[in-house]
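S.K.: Structure provided below as structure tokens; questions to follow.
The values are calculated or read from the model by the stated rules, or taken from the named source; none is laboratory data. Since we're looking at a predicted model, the values are computed, not measured. Here the Cβ is made from the backbone with ideal geometry for all residues, glycine too, and neighbour counts use every protein chain on show. Only protein heavy atoms, including side chains, enter the accessible area calculation; ligands, DNA and RNA are left aside. Shrake-Rupley method; radii C 1.70, N 1.55, O 1.52, S 1.80 Å.
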Amino acid sequence: MQPLLIALQFLTCLPVRLDGKPEPRAIGVSLLYYPVVGLLMGGMLVVLGMALHDTAPALRAALVLAAWIAITGALHLDGLADSADAWLGGFGDRERTLAIMKDPRSGPVAVVMLVVVLLLKFAALWTLLAEGSYLPLVLAPLLGRAALLGLFLGTPYVRPGGLGQALADHLARTPVSAVLIAVVALCLLLGGRGWLALVVTCGIGWVARQAMRRRIGGCTGDTAGALLELVECGVLVALALRV
């Protein structure tokens, strides 16, 4: 139970209390529960979307998106902003890129990236909710967090002492692979929308991983957050285009 609570505490702002500081191994095991947290978040968003059924579609989309951000505490949006600044300002240099990602200040590139991603999410949610399509609200957070398992499974972690160090050091490769297979199977069982969401996730994950490997030799907590946001956005937009 502790690894699940660790995952909930790290990935959400839900009122989760832990008894003492968790051991590094428990933090590593918590990675297995990231897709479960995604499913829980998706369920909450679906319930909210249904509860607001009589609300104007634009306002309903805005409220669901606001709740989505509130649940996560904008943790992954921060990683997206830091990564955007670093990728442009790093000028292809590894050390400069890593240094910019540690800078808490946000430049214009970060602001533009956040506006674009949130605008796309809002427009996609508006389209989906107007059509009464709720499955994407579950698939997006599920696959966004499952993508982190794939990232840590196949990509070195390059910032010693960073937030993801314990995840990388205590990664249980066989169980993580099993969880990923289960997520893939679930998507395939869902039919066309599940297949499309899975293809989009794999495509974004592959491109992002290649960019990380070329620029900094691996991943960091910020790039992991950026990947999650890009996967969520890509899944929502792809499924909204299919409505």
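S.K.: So, in the range 176-197, of the ones that are open to solvent by 50 Å² or more (accessible area, probe 1.4 Å), in a helix (DSSP H, G or I) and aliphatic (A, V, I, L, M), which residue ends up farthest from L236 (Cα to Cα)?
M.R.: Here the residue is A178.
S.K.: Still on this structure, I have one more. Can you pull out every residue in the range 149-175 that is out of contact with any Leu (no Cβ under 8 Å at 6 or more places or on another chain) and either surrounded by fewer than 16 Cβ atoms within 10 Å (Cβ to Cβ) or on the phi > 0 side of the Ramachandran plot (or both)?
M.R.: Matches in the range 149-175: G154, P156, P160, G161, D169, T174.
S.K.: For the condition closer than 27 Å to R213 by Cβ and modelled with pLDDT of 95 or more, what is the one hit in V112, V46?
M.R.: Details: V46 fails: closer than 27 Å to R213 by Cβ.
V112 is the lone residue from the list that is closer than 27 Å to R213 by Cβ and modelled with pLDDT of 95 or more.
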